[in-house]
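Okay, structure first, notes after.
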Amino acid sequence: MVLVDDTGRADDRSRHEHAAAEVPRISKFHAPEIVFGPNSLPEAAHAALRLGARRPFVVSDPGLFESGWPGELLTHLKEAGLAPRLWCDVTPNPKDHEIEQGYHEYVASGCDVVLGIGGGSVIDAAKGVALLASNGGRILDYEGIDRIANPIPPMIMMPSTSGTGADVSQFCIVTDTERHTKITIMGRALVPDVSIIDPRLLTTMPEWLNAATGLDALTHGVEAFVSLAHGPLTDHHALQAVSLVTAHLPATMLRPDDASSRSFMAQAALEAGLAFTNAILGATHAMSHQVGGMLDLPHGVINGILLPHVIRFNGATEAERFRPIAQAMGLPAAAPADEAVDMVAAEIRKLGDEVGVPSGLGAIGVTEEDIPRLAVLTLGDACLTTNPRAASIDEIERLFREAL
């Protein structure tokens, strides 16, 4: 069984027992250099110097700039003798034209190392700038897997939210503004060289963003654990993320300055990111990308709405995989697999209610008329390929309707 201690972290015994029951297979595990802990932000300057920076390109957004964190980073970079260039023209769900504008700014400024300080949108934009810096063209040209031909500039990422995992992942998610959808760019080249995770940065998130990114981390953990590409290394991180989010997300909503809970949520986001960048994801993300691209809404909120429905869909054929997840959430360890599926789905919906996430897609603007188009786009999303249960277009449409 999984034992959860008073920090919300799961015991490893059931994970080892579960792994032993499976046939080992070859797998790769991508990860950047990771610096973790309070007051670790100054390490970015040392990392930039090690990576050969002279004029680093710092990507952020207007909201985070107001919080003061980019200013603190610029101070550290200047004290190290560097001449940084700050670019803050990124909006949530970064747009193709924004990334291309950032690339032109990068070239015009003669920059070298790319730093991203912000949430997943900022980090994805920074990755897009780095990609174009050495490969050119339009960002939409790189949709798909391993389409990046030339090495890209070194990247250092500093997350300011506790959920996206973009700072350790091999993904870059971009909004295609012509098709009103999100595209996925995936490849080893997009794994940052260094991820610096300073939990202090999480204290300035607005409440809704804290809830959204926390549910995003939970979705990453659940989908990575049941993914067709999962393995013993990703399973460990996925279950740890599930346990930590369940135990600590509510506390960060009630006590935003609670340093301990913030550190645990920063760890949850990291563990979830390490899990999903290697095990990939599933139908929740494949569907969520389409809703987010169409309506420009917070990704984690959409995930929180969709995840319970996808869990029940996948659990109909893969119920046993949900027992360790239920145990990591502190639910009854001896429950039959089919009951574990329902308990996990219900507990996630309960957590969504607790942190203020709507119960249906209709509340955030999705209509019945949108569903056929959303379903078609979902079938083309790379995340669907590792979902543990194959899904037809009719089944995807039904999932969207159930989630309305």
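The values are calculated or read from the model by the stated rules, or taken from the named source; none is laboratory data. It should be emphasised that the depicted structure is a prediction, and the values quoted were computed from it without experimental measurement. Neighbour counts are summed over all protein chains in view; Cβ atoms, including those assigned to glycine, are modelled from backbone coordinates with ideal geometry. Protein only, heavy atoms only, side chains kept; ligands, DNA and RNA dropped before computing areas. Shrake-Rupley method; radii C 1.70, N 1.55, O 1.52, S 1.80 Å.
The table below lists the values:
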{"quantity": "Distance between modelled label sites at Thr177 and Glu320, nm, 7 Å Cα→Cβ extension", "calculated": "5.0 nm"}
{"quantity": "Probe 1.4 Å, protein heavy atoms only - accessible area per residue of the chain in square angstrom", "calculated": "37 Å²"}
{"quantity": "Fraction of beta bridges assigned by DSSP in the chain that are antiparallel (%, nearest 5)", "calculated": "25 percent"}
{"quantity": "Phi-based couplings in Hz for segment 390-403 (Karplus 6.51, -1.76, 1.60; Gly and Pro marked x)", "calculated": "4, 10, 7, 5, 5, 5, 5, 4, 5, 4, 4, 5, 4, 8"}
{"quantity": "Subset of Lys28/Lys95; Lys95/Lys350; Lys127/Lys182 violating a 27 Å alpha-carbon distance limit", "calculated": "Lys28/Lys95; Lys95/Lys350"}
{"quantity": "Built amide H within the under 5 Å cut-off of Leu86, gap 5+", "calculated": "Val58"}
{"quantity": "Amide H within-cut-off set for Thr181, under 5 Å, with H built and near neighbours excluded", "calculated": "Asp176"}
{"quantity": "Inter-site label distance for Arg398 and Ala83 at 7 Å from Cα along Cβ, in nm", "calculated": "6.3 nm"}
{"quantity": "Within the accessible area of the chain (1.4 Å probe), percent carbon and sulfur", "calculated": "55 percent"}
{"quantity": "Two-decimal Rg to Rh for segment 299-358 - Kirkwood Rh, Cα set", "calculated": "0.98"}
{"quantity": "Debye-sum result for segment 221-349 in log10 I(q)/I(0), which assumes one identical scatterer on each alpha carbon, at q = 0.09, 0.10, 0.13 Å⁻¹", "calculated": "-0.25, -0.31, -0.53"}
{"quantity": "Pairwise FRET efficiency - Asp257 versus Arg138, Cβ, R0 = 45 Å, nearest 0.05", "calculated": "0.60"}
{"quantity": "Karplus-derived 3J(HN,Hα), 6.51/-1.76/1.60, for each residue of segment 178-183, Hz, glycine and proline x", "calculated": "7, 8, 6, 8, 9, 10"}
{"quantity": "Percent of alpha-carbon pairs separated by more than 30 Å within the chain", "calculated": "36 percent"}
{"quantity": "GNM flexibility winner over the chain from Ala272, Ala45, Ala283 (Cα, springs under 10 Å)", "calculated": "Ala45"}
{"quantity": "Anisotropy class of segment 50-113 from Cα gyration tensor, a/c 1.5 cut", "calculated": "oblate"}
{"quantity": "Within the chain, longest stretch free of exposed GluC sites (Glu not before Pro) [DSSP loop, at most 13 other beta carbons within 10 Å]", "calculated": "179-404"}
{"quantity": "Exposure of Ser263 as accessible area (Å², to 10), given a probe of 1.4 Å and all protein chains", "calculated": "30 Å²"}
{"quantity": "Accessible surface, 1.4 Å probe, highest first, among residues Lys127, Lys78", "calculated": "Lys78, Lys127"}
{"quantity": "Amide H within-cut-off set for Arg147, under 5 Å, with H built and near neighbours excluded", "calculated": "Met186"}
{"quantity": "Unit Cα scatterers, Debye sum, segment 270-316: log10 I(q)/I(0) for q = 0.18, 0.20, 0.27, 0.30 Å⁻¹", "calculated": "-0.60, -0.72, -1.03, -1.08"}
